[in-house]
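First up is the structure itself, then whatever we jot down about it.
The values are calculated or read from the model by the stated rules, or taken from the named source; none is laboratory data. Nothing here was measured: the structure is a model prediction, and the numbers come from that model. Counting neighbours? That spans all protein chains shown, and the Cβs are built from the backbone with ideal geometry, glycine included.
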Amino acid sequence: MRLRQNWFPVVVLIAMAVGTAWALSFAALPPADFTFVNGTEVESLDPAIVTGQPEGRIINALFEGLTNWDPRDLHPTPGVAERWEISDDGRVYTFYLRESARWSDGTPVTADDFVYSWRRMLDPMTAARYAYQGWYIANGRKYTYGGTLLEPGDPVEIELADRPDGALPHARGRVLRGRLIEKIPLAGKDSAAQEAVDEHDVPPAPAMAYLVEIDGQQRLFQSTGELLEGAQRCEQVLLDFGQVGVKAIDDHTLRVTLENRTPYFLQLTGFYTLFPVNRRCLETHGAPNWTRPENLVSNGAFNLGFRRIRDRIRMVRSDTYWNRDAVQLNIVDALAVESDITAFNLYMTGAVDWIPNVPATVISTLIEQDRPDFQPAPAMTIYFYRLNTTRPPLDDPRVRRALALAINKEEICRRVTQAGEVPATSFVPPGLADYERAVGPEHNIAEARRLLAEAGFPNGQGFPRIDIMFNAVESHALIAQLIQSQWNDALGIRVATRQLEWGAYLNDQQHLKYWVGRAGWIGDYPDPNTFLDMFVTDGANNQTGWSNARYDELIQLSASEPDPQRRMAMLRKAEQILLDEMPIVPLYYYVSKDMVQPYVRGFYRNLQGVHPLDAISIDKAQREAFRSQARAL
Amino acid sequence: MIGFLLRRLVWLVLTLWVVFTATFWLMQAAPGGPLNSDRKFDPVVEQNLKRRFNLDKPPWEQYLIELGNVARGDLGYSTKMADFTVNQVIAEGFPVSAALGLLALVFAISAGLVAGIAAAVMRGRGVDVALMSAATVGIALPNFVIAGIMILLFVFIWPLFPAAGWGSASQLVLPGFCLGAPYAAYIARLTRTGMLDVLNQDYIRTARAKGLSLPAIIYRHALRGGLLPVVSYLGPAVTNILTGSLVVEQIFAIPGLGVHFVQAALQGDYPLAMGVTLFYTVLIYSLNTIVDIAYGVLDPRVRLA
């Protein structure tokens, strides 16, 4: 009886003590030389499939492309390629790879590695969102499109459906090569799939059987549906990769043929989508297991140390990287911290050396203090509103212009964003070399009223109630409310605001279920085309319903225009059309909001917010002084 | 006892199926999905992505495929953290949440019990009033407010602890406290009420008349009866602490399951959202079963049925 009465508290006490000891037991971690906040957890370390900035920061440290970007002004510098030649028509690039480029397992980086990596990236099965980065290469697009663009007579490769059971995801089956004779549509096989897709999306390519001649024999292949008589099951039929403009001339020479002259191609080869991946690593471990720290073989300045999900990615200086002597940091930690406020706390307590963003609430204070470690700099990013040109009266350019003229952008930057953002007069942000931006309308209420009256709505009479849609972020809400009152005061029209969760917001925008929608765009490469090609008719990111034949023509012509100056002039003309027609209203150009501790060297504020870790170093003496000063406070 | 457990197991399977079905169709109904992005990609690329995630199939077919996979214990790959399987994410995140929750619980139980007993014994005096006021505040304040105050006090004004992160004992103090505080407050109030009830009983008066000292009376006689309400509260408290740590995890950048849960839902990461939901279902169900068994041990009047 006594025993029974007293064992319970004792057991609980022991359990609590053991539990506490377990919870508090941590293996000590060697401290990093450089720690930064990387925002959200990265989507993947596979260069072919990611799209974001946090991913870019890690992948740029782990891998290296043919070229690098100089952190000062982003001009391409030699990477794996030590030099290159460009043909006179600007379409053929010959890259000479440096002999000293090594994978982290010690093997040399060869031209074949690039051919393998680019084929994999373009393969529909890889489902690379940024596949279009490879479509500048001749026939790259046709390869990714699979059967859709194939025509009789095309050389094709057939990937057989003979992957063994339990094969690693995205392993390749056996590949046969031949010549396409005929595409035979399979009727009604895909009705179920047709049902499933959204009415606004492009329907999937109709199911086909492919008649191919291989070594003089005609064979029938099919990837979907019930097999026709004599047909063989395959995974997919693609254009023969030999037709795609990338060839390994020898181990250290890579010849790339482009679809069109692409003045920014050397920038693209420094972007992670075109980085090489290690074939043996991938084929041994399969995707995505090849990215695990114990498996990953990479060719950049750093190797992957370890990953703790939503905690940190640790990178360690590579001792096989060709330029290893120039790399100063030994251990780098990238922290996955979602909250800007938490990141800011970490920075202010000296726990991290760099945060790429600061909370909106502290910006005005930081600006007032004029801190040397917070110097917002122009970024290649634009904040703008889309106008749904399929909904009357927004189909009338005069109405759209009136709306744009009635917005006081200066007030937005002064009262809401506060970090020194610049009111936008153009869609393409400033700072791009050799490009003179087109000029859009300035703030002019009288003109706005006149245009609105001309369009049939004097003093806003008869104007329907429209709304401004945005995703749930406080600053978006404040801007929308400000514009709401500006429109109301200036034009006498009634405007509502509509706040949506991310998914709903994207959905409504893509399906044109909005009046006015908030948007932003980050340039992918330093060229106006990255902004302007969005608004071609039915462009995936147009999302305004706007269409202008002359605009489309200019964008298309500029792609193949050999003379750089004339090309820029064409793009400027296109931008002017965009700004005259106003399917979008540019509001302001973003600024970068990095905070960097004063003892960090080699950190340059550039247009694209690219900060290669191999350029960064720490002034240790200054750091010690800084820390002891902080302790004294 | 074995029959009881078996019955519970059958119900667990049924519960999981219902939760799976509800979660699946709710996610289908929600706008967006794993392919959400503010930039739209080429239609062919979108098709390839849909095929990769089986989204090109009709919903009922997706449902059956998913159900089959889940039944085999294969929760698939996270779509927003594509390098990891859902099982890996849970296996890495849950111990973190559990360690944090355990500390919070230990703090809540020890602080709550001590405060509750002290308040009961010194009923009506200043100590009682002070402790119970603190408890009321502790229950009323949401933990992000507590966290904000704690960070201000103990990170910036008096820099005792790191601002956030995971990897050392000192990083756990503030989040453990913030997570445990409301529970400590609640336990203190429960203990006080329970103890007061017992302290007024005849047998306590008898013990006192026998000349037993106060600590002896409390430990030998009062505690057992007085703690029953606390024990019955512990079951839900444990589940709430383990599943409710998301705010604290987010503020202190702790890589636990709570953050995964919220982010998965926000980012349309279907497999991860589903996996964590099912995992929480199993967890809550098991904890409830354990509490039911504990009742039977502590209070012979309760029979497992």
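A few remarks follow.
- Residue in the range B:1-12 that is assigned to a helix (DSSP H, G or I), within 14 Å of chain A (Cβ to nearest Cβ), among the charged types (D, E, K, R) and more than 30 Å from residue A:471 (Cα to Cα) present: no
- Picking from residues in the range A:462-516 that are within 11 Å of chain B (Cβ to nearest Cβ) and outside any helix (DSSP H, G or I), the one that is nearest to residue A:384 (Cα to Cα) is A:471.
- Taken over the range A:569-607, the residue count meeting the criterion of being without any contact (Cβ under 8 Å) to a residue 24 or more places away in the chain and of a type in the set (Gly, Ala, Ser) is 1.
- Close pairs (9 angstrom Cβ cut-off, 6 or more residues apart or separate chains): in a loop (DSSP other than H, G, I, E, B) in the range B:195-224, crowded, with 20+ Cβ neighbours inside 10 Å anywhere: B:201/B:221; B:201/B:222; B:212/B:221
- In the range A:297-310, the residues that are part of a loop (DSSP other than H, G, I, E, B) and crowded, with 24+ Cβ neighbours inside 10 Å: A:298, A:299, A:300, A:301, A:310
- Residue check, residue A:391 in a strand (DSSP E or B) and more than 23 Å from residue A:610 (Cβ to Cβ): no
- Some residue of the range A:541-561 being part of a loop (DSSP other than H, G, I, E, B), among the β-branched types (Val, Ile, Thr) and surrounded by 16 or more Cβ atoms within 10 Å (Cβ to Cβ): yes
- Here residue A:480 meets the list (1) surrounded by fewer than 21 Cβ atoms within 10 Å (Cβ to Cβ); (2) closer than 25 Å to residue A:395 by Cβ almost entirely, failing just condition (1).
- Any hit, the range A:275-289, residues being surrounded by fewer than 23 Cβ atoms within 10 Å (Cβ to Cβ) and without any contact (Cβ under 8 Å) to a residue 12 or more places away in the chain: yes
- Leading residue by the ranking (farthest from residue B:239 (Cα to Cα)) among those in the range B:263-300 that are in a helix (DSSP H, G or I) and facing chain A (nearest Cβ under 9 Å): B:267
- Number of positions in the range A:517-533 that are closer than 20 Å to residue A:404 by Cα and either within 14 Å of chain B (Cβ to nearest Cβ) or not in a helix (DSSP H, G or I) (or both): 6
- Sole residue being small (Gly, Ala, Ser), facing another protein chain (nearest Cβ under 10 Å) and within 23 Å of residue A:308 (Cβ to Cβ), chosen from B:93, B:76: B:93
- From the options A:317, A:312, residue that is closer than 10 Å to residue A:37 by Cα and of a type outside the set (Ser, Thr, Tyr): A:312
- Among the conditions (1) in contact (Cβ under 8 Å) with a residue 24 or more places away in the chain; (2) of a type outside the set (Asp, Glu); (3) farther than 23 Å from residue A:318 by Cβ, the only one that residue A:20 does not satisfy is (1).
- Residue match in the range B:150-160 (condition: within 14 Å of chain A (Cβ to nearest Cβ), in contact with a helix residue (DSSP H, G or I) (Cβ under 8 Å, 6 or more places away or on another chain), within 22 Å of residue B:241 (Cα to Cα) and surrounded by 13 or more Cβ atoms within 10 Å (Cβ to Cβ)): yes
- Hey, residue A:262 away from every other protein chain (no Cβ under 14 Å) and surrounded by fewer than 17 Cβ atoms within 10 Å (Cβ to Cβ) or not: no
- Residues that are under 16 Å from residue A:300 (Cα atoms) and surrounded by fewer than 19 Cβ atoms within 10 Å (Cβ to Cβ) were ranked within the range A:325-359; the one that is farthest from the other protein chains (Cβ to nearest Cβ) is A:325.
- Count of the range A:91-127 residues which are more than 11 Å from every other protein chain (Cβ to nearest Cβ), of a type in the set (A, V, I, L, M, F, W, C) and either within 19 Å of the chain's Cα centre (by Cα) or in a loop (DSSP other than H, G, I, E, B) (or both): 5
- Filtered by the rule that a residue be of a type in the set (A, V, I, L, M) and more than 8 Å from every other protein chain (Cβ to nearest Cβ), the range B:106-124 gives B:108, B:111, B:113, B:114, B:115, B:117, B:118, B:119, B:120, B:121, B:122.
- Qualifying position, being at pLDDT below 90, under 23 Å from the mean Cα position of the chain (by Cα) and within 14 Å of chain B (Cβ to nearest Cβ), among A:130, A:136, A:143: A:130
- Condition check for residue A:8 on (1) surrounded by 14 or more Cβ atoms within 10 Å (Cβ to Cβ); (2) part of a helix (DSSP H, G or I); (3) within 12 Å of chain B (Cβ to nearest Cβ); (4) modelled with pLDDT of 85 or more: one failure, at (4).
- Residue, farthest from residue A:398 (Cα to Cα), within the range A:485-499, restricted to residues that are surrounded by fewer than 19 Cβ atoms within 10 Å (Cβ to Cβ) and not basic (Lys, Arg): A:499
- Any hit, the range B:165-174, residues being surrounded by fewer than 22 Cβ atoms within 10 Å (Cβ to Cβ) and closer than 16 Å to residue B:113 by Cβ: no
- Top-ranked residue in the range A:16-71 [being acidic (Asp, Glu) and more than 9 Å from chain B (Cβ to nearest Cβ); ranked as surrounded by the most Cβ atoms within 10 Å (Cβ to Cβ)]: A:64
- Residue A:287 closer than 23 Å to residue A:106 by Cα, within 14 Å of chain B (Cβ to nearest Cβ) and small (Gly, Ala, Ser): yes
- Criterion violated by residue A:461 - all others in (1) crowded, with 16+ Cβ neighbours inside 10 Å; (2) without any contact (Cβ under 8 Å) to a residue 40 or more places away in the chain; (3) out of contact with any strand residue (DSSP E or B) (no Cβ under 9 Å at 6 or more places or on another chain); (4) not hydroxyl-bearing (Ser, Thr, Tyr) satisfied: (1)
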